[in-house]
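The structure appears below as structure tokens.
Computed from the coordinates by the stated procedures, all read-outs in this text should not be read as laboratory data. Here the structure is a predicted model, which means the values were calculated and not measured. Note that we place each Cβ from the backbone using ideal geometry, even for glycine, and neighbour counts take in every protein chain shown.
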Amino acid sequence: MNIEKIRANYQRIAITGASSGIGKEIALYLASPQTSLYLTGRDTQRLADIKESCVNQGAKVQENTFDVRNESACQQWCEDIFQERVDLLIINAGMALGEDESANQQIQVAQTNVMGVANIVFYALEKMQQQEKIKGYRGQIVLIASIASLLAMPNAQSYSASKHFVRILGEALNLSYPDITITTICPGFITTPLTAHLAQWIPMMSAKQAARKILAASAKRKWLYIFPFWLGFAARFYNLLPLCIKRYLCKILNIMGKL
């Protein structure tokens, strides 16, 4: 991946969920004297730390702390950042279940991953449509879905369902906005505190590795990027199985550790 070439293409970048994980690593990769970054997150201290790191790399950084479930806050953020052109918007903010599978947590995951995405993307699209075309495009939006969007996960019901929403939304938006690139990313299992409880046999990828792959796919303006390929293939095959076999497989896998 030629990071300098990618930085040249994206000079004004907005990232939600930038205080940790994939969002943090993408911000650090893109930070340079040529880039202006607009970062959001819910953790004020961690977001301030990321801002400091990006500023040390020469970037201009503006950070905002708010919850993406707050529609008015999302609308105001879009109003603010689109005062000037935004080349790339990465909608990464999301929530996974962790070890808490209570009804309240399931609902919070659904609200964050569905309404949190909708609250940003639709207000952003209104603004991006008004931007001048450069090389045939008015801008680019990257939606971070998940490999979980391809299958129903037994211990993450609201998570897999909400990420399915994000993936299908990306496809629908691509059909609706031909002069705005919508890149939907479906990464596999990423090493974060929220995945620490999963079975040891599940293959993990670092957030830094995932960020590199996401940026490379975004630079190629891909509509959909699923990685690793073999896991995406396995998920699609799993979907072809009847429910009785899926239940049996899930029972076996959960004996080996939490899926």
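Structure above, values below:
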{"read-out": "In nm, spacing of pseudo-spin labels at S176 and Q34 (7 Å Cα→C-beta vector)", "value": "3.3 nm"}
{"read-out": "Rg(Cα)/(2.2 N^0.38 Å) for the chain, N = residue count", "value": "0.99"}
{"read-out": "Stretchable slack from F229 to Q105, in nm (0.36 nm times residue separation minus alpha-carbon distance)", "value": "41.6 nm"}
{"read-out": "Descending semi-axes in whole angstrom, ellipsoid equivalent of the stretch 56-204, from the Cα gyration tensor", "value": "29, 17, 16"}
{"read-out": "Farthest toward positive dipole pole in the stretch 92-192 [+1 Lys/Arg, -1 Asp/Glu at C-beta], among M128, N113, A103", "value": "M128"}
{"read-out": "Within the stretch 84-236: Cβ-based charge dipole about Cα centre, in debye rounded to nearest 20 (Lys, Arg +1; Asp, Glu -1)", "value": "660 debye"}
{"read-out": "Distance between modelled label sites at A152 and A48, nm, 7 Å Cα→Cβ extension", "value": "4.6 nm"}
{"read-out": "Estimated dipole of the chain in Debye, rounded to 20 [Cβ of Lys and Arg +1, of Asp and Glu -1, Cα centre]", "value": "940 debye"}
{"read-out": "Across K135/K208; K163/K222; K163/K208; K5/K163; K133/K163, pairs whose alpha-carbon gap is larger than 27 Å", "value": "K135/K208; K5/K163; K133/K163"}
{"read-out": "Residues in the stretch 114-158 reached by a label modelled at I245 [backbone nitrogen below 17 Å; 7 Å Cα→Cβ]", "value": "151-152"}
{"read-out": "Sum of side-chain charges, I185 neighbourhood, beta-carbon under 11 Å (Lys, Arg +1; Asp, Glu -1)", "value": "+4"}
{"read-out": "Charge dipole (the chain, unit charges on Cβ, about Cα centre) - positive-most of L28, F237, S72", "value": "F237"}
{"read-out": "Förster radius 25 Å - calculated FRET efficiency between Q62 and K208 (Cβ-Cβ, nearest 0.05)", "value": "0.60"}
{"read-out": "Overall form of the stretch 109-182 per C-alpha gyration tensor (a/c, 1.5; a/b vs b/c)", "value": "prolate"}
{"read-out": "Residue-count net charge about E171 - beta-carbon cut-off 14 Å; Lys, Arg +1, Asp, Glu -1", "value": "+3"}
{"read-out": "Sorted by Cβ density within 10 Å, fewest first, the residues W230, W223", "value": "W230, W223"}
{"read-out": "Placed amide H near E63: partners under 5 Å, 5+ positions off or other chain", "value": "L39"}
